[in-house]
């Protein structure tokens, strides 16, 4: 399904320009390079009909006017992780062209799109890809859609398998209000960070949500027998404790990692507030499973009326405090909230580099536009020190001046990508 298109290839970095050579760095971070996308191919994704792009392991800077397709390229990369990508889009919404996205076109391959990548990993190269497949009935009419995932040419069991090969974290302008809006966004944020340490976390979240939806349906229809409901509640309890424990473990380690500080960025202190998380403070996991299972059984009548479940990891919330100011993140200025988010992502990348020997790939959409020069330089230095392949976007290439030859620069215009020179050293 991938269309052939001329390949844009960026040259390999020269000496001291890319990720560091083997051996420990002076800052204690592993010097081995993290995973990197070396080739990405898009087919009918957003405003890209066909794109094949080859890059090296250095940070990638995409610059160009608004609407050119910079964020679309980051979104395509984000579909190489479990979930709905950095825009939370439905599968049909990212198909190239408004008519296809609306399901209005005709033909056997309506609405198909694909994203494929060649990864460079510490264990060798890996080919991964994902695509939207239209499900058709006997008469050829469209009955639905599904997402397929392939790894080294073989169809994977599900999206969760992607987390075993690639760890991704991202920041977007829409996340600037993460601390002010609903708790769902904050849960998704911490879950994406957990994926980099516990690849099975994505599958557990999906299993919990499936069991909860089925339980809700049975309660709403009033036709589920007790044994059927008990089986679903047992699945929910087992997954809930694993999800809550993984979140709490990562947050505890992030707080320790943040104590060292990352240059001029504020120090965040995080907690996960929720019923199961609170119980885990003082009780063993198996006892918490039994306790949560009993709670679900007791709340069947109430949940039948309200829908969903009154308690569980789907209602937990990430709470972050600006340590130096002693202030909840939600009460900080917009700039400080963004700085706290960057600090959390960098702390996660540093922790993952120390823990797994490789930093995650970072997608940073318009992150530097509202940072002062000191924080911009600190961000760039940290990305290079981590050996992380970061994909950064912006409209003003001059803002990335201090990256110079440590990064590779691409111009994006109307869905076309071209190699570009680093910005001049002159302000």
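Observations on the model:
- The requirement of being modelled with pLDDT under 95, in a strand (DSSP E or B) and under 30 Å from residue 174 (Cα atoms) is fulfilled somewhere in region 255-267, by at least one residue.
For (1) closer than 19 Å to residue 215 by Cβ; (2) in contact with a strand residue (DSSP E or B) (Cβ under 6 Å, 6 or more places away or on another chain); (3) at pLDDT below 95, each residue gets a yes or a no:
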| position | (1), (2), (3) |
| --- | --- |
| 226 | yes, no, yes |
| 232 | yes, no, no |
| 242 | yes, no, no |
| 248 | no, yes, no |
| 279 | no, no, no |
| 284 | no, no, yes |
| 293 | yes, no, no |
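- Every listed requirement among (1) modelled with pLDDT under 90; (2) closer than 30 Å to residue 361 by Cα; (3) in contact with a helix residue (DSSP H, G or I) (Cβ under 9 Å, 6 or more places away or on another chain) is met by residue 132 save one, (1).
- Selection of region 166-188 for residues being surrounded by fewer than 19 Cβ atoms within 10 Å (Cβ to Cβ) and under 16 Å from the mean Cα position of the chain (by Cα) yields 173, 174, 176, 184, 185, 188.
- For region 198-215, the criterion of being more than 30 Å from the chain's Cα centre (by Cα) and more than 30 Å from residue 378 (Cβ to Cβ) is met by no residue.
- Whichever residue in region 86-111 is crowded, with 21+ Cβ neighbours inside 10 Å, under 27 Å from residue 390 (Cβ atoms) and touching a helix residue (DSSP H, G or I) at 6+ places or on another chain (Cβ under 8 Å) and, among such residues, is modelled with the highest pLDDT: 86
- Just one of the listed residues (357, 387, 335) is crowded, with 21+ Cβ neighbours inside 10 Å and at pLDDT below 95, and it is 387.
- Among the strands (runs of 3 or more DSSP E) confined to region 121-224, the ones with at least 2 residues that are touching a residue at least 60 places away in the same chain (Cβ under 8 Å) are located at 124-136, 168-171.
The values are calculated or read from the model by the stated rules, or taken from the named source; none is laboratory data. These numbers were taken from a predicted model, which means no experiment stands behind them. Glycine gets a Cβ as well: all are built from the backbone with ideal geometry, and neighbour counts include every protein chain shown.
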